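Below: the structure, in structure tokens.
The values are calculated or read from the model by the stated rules, or taken from the named source; none is laboratory data. What you are looking at is a predicted structure, and each value in this text was computed from that prediction instead of being measured. Cβ coordinates were reconstructed from backbone atoms using ideal geometry, including for glycine residues, and neighbour counts include every protein chain displayed. Heavy atoms of the whole protein, side chains included, go into the accessibility calculation; ligands, DNA and RNA do not. Shrake-Rupley method; radii C 1.70, N 1.55, O 1.52, S 1.80 Å.
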Amino acid sequence: MARGLRNWSNRGVTDDGGTSGAPVGRRVVLAMLGLGVAGVAAGPYLQRGVEAVTSKDPTGLAGLLPGGGGFRYYSVVSSVTPRTAADYTLTVDGLVDRPASYRLPELQALPQRRIVRDVQCVTGWRVPATPFEGVRLADLLDAAGVRPGATAVRFSCFDGAYSESLTLDQARRDDVLVALRMQDAPVSHEHGGPVRLYVAPMYFYKSAKWLSGITVTSAVEPGYWEHLGYDVDAWVGKSNGRDDAPTV
């Protein structure tokens, strides 16, 4: 995990605060910190530029700059090709009786649930009272008909690299959504749109961005960051060695 400037000086920061092997020199880090100070001084005059840099920075270092509504932009790949209603598809498959494929308008036509909770990153930053809205994951699982012997759900993403998982009991919670809206607007590409996972009671790395596949499985399959040491069960304040206040 990223735990300070010492680690940032030789690694790239990626999704929800993890680290990749991409080298980031000390000069780059110090330059980013300098820009952060300048941004505080200049205030709103630099806001647009800060948001533009943040949305295009795969290292996550731009998250040190002010702005972005408290969020940090992270990705585990250098770039992700956007998808729109014209080319987006979400599949539900695996140990189910009725595999399904949903286009964006079909997801939008399903019953929606709205949740307002804090968002907590495992690296420490928190965005309070953030609204998410979307389809209950449990509803999609019920529609597919989960088969006996299934115990978990694996999530894949159209960035081609990220993955996550939940137990079936976790996936059926009322506060786990296939989210179409965030902060009362459609989920933007930078935030993992047009569709992302939202797991309200867990650290934000569990809320996979650019969601493209939901696969019911016989066992939990550790996701991208779990393979690199993060906890599989990522309850806020009860995992990853942190004691943050719960997001419930």
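Couple of notes before you dig in:
- Residues that are within 17 Å of Arg103 (Cβ to Cβ) and either open to solvent by 20 Å² or more (accessible area, probe 1.4 Å) or more than 16 Å from the chain's Cα centre (by Cα) (or both), drawn from the range 168-188: Arg181, Pro186
- Checking Ala219, Ala234, Ala185, Ala179 one by one, the residue that is touching a Phe, Trp or Tyr at 6+ places or on another chain (Cβ under 7 Å) and more than 18 Å from Arg136 (Cβ to Cβ) is Ala234 and no other.
- Within the range 99-141, being farther than 17 Å from Gln170 by Cβ and of a type in the set (S, T, N, Q) holds for Ser101, Gln108, Gln112, Thr123, Thr130.
- Checked against the criteria, Thr130 does not count as open to solvent by 10 Å² or more (accessible area, probe 1.4 Å), among the hydroxyl-bearing types (Ser, Thr, Tyr) and either within 21 Å of Pro222 (Cα to Cα) or in contact (Cβ under 8 Å) with a residue 40 or more places away in the chain (or both).
- Qualifying residues in the range 178-219 (those that are of a type in the set (Lys, Arg) and in contact with a Lys or Arg (Cβ under 7 Å, 6 or more places away or on another chain)) - the one nearest to Tyr88 (Cα to Cα): Arg196
- Matching residues in the range 227-248 - criterion: being crowded, with 19+ Cβ neighbours inside 10 Å, in contact (Cβ under 8 Å) with a residue 60 or more places away in the chain and of a type outside the set (Gly, Ala, Ser): Tyr230, Val236, Asn240, Thr247
- When Gly241, Gly149, Gly213 are checked against the criterion of being more than 12 Å from the chain's Cα centre (by Cα), in a strand (DSSP E or B) and small (Gly, Ala, Ser), a single residue qualifies: Gly213.
- Residues within the range 147-196 that are out of contact with any strand residue (DSSP E or B) (no Cβ under 9 Å at 6 or more places or on another chain) and over 28 Å from Ala86 (Cα atoms), tallied: 3
- Qualifying positions in the range 196-210 - in a loop (DSSP other than H, G, I, E, B), closer than 14 Å to Glu133 by Cα and in contact with a Phe, Trp or Tyr (Cβ under 7 Å, 6 or more places away or on another chain): Ser207
- Of all the numbered requirements in (1) surrounded by fewer than 23 Cβ atoms within 10 Å (Cβ to Cβ); (2) outside any loop (DSSP other than H, G, I, E, B), Phe155 misses one, and that requirement is (1).
- Selection status of Ser75, at pLDDT 50 or above, assigned to a loop (DSSP other than H, G, I, E, B) and surrounded by 19 or more Cβ atoms within 10 Å (Cβ to Cβ): yes
- The lone exception for Glu164 - which of (1) more than 27 Å from Pro99 (Cβ to Cβ); (2) open to solvent by less than 60 Å² (accessible area, probe 1.4 Å) it fails: (1)
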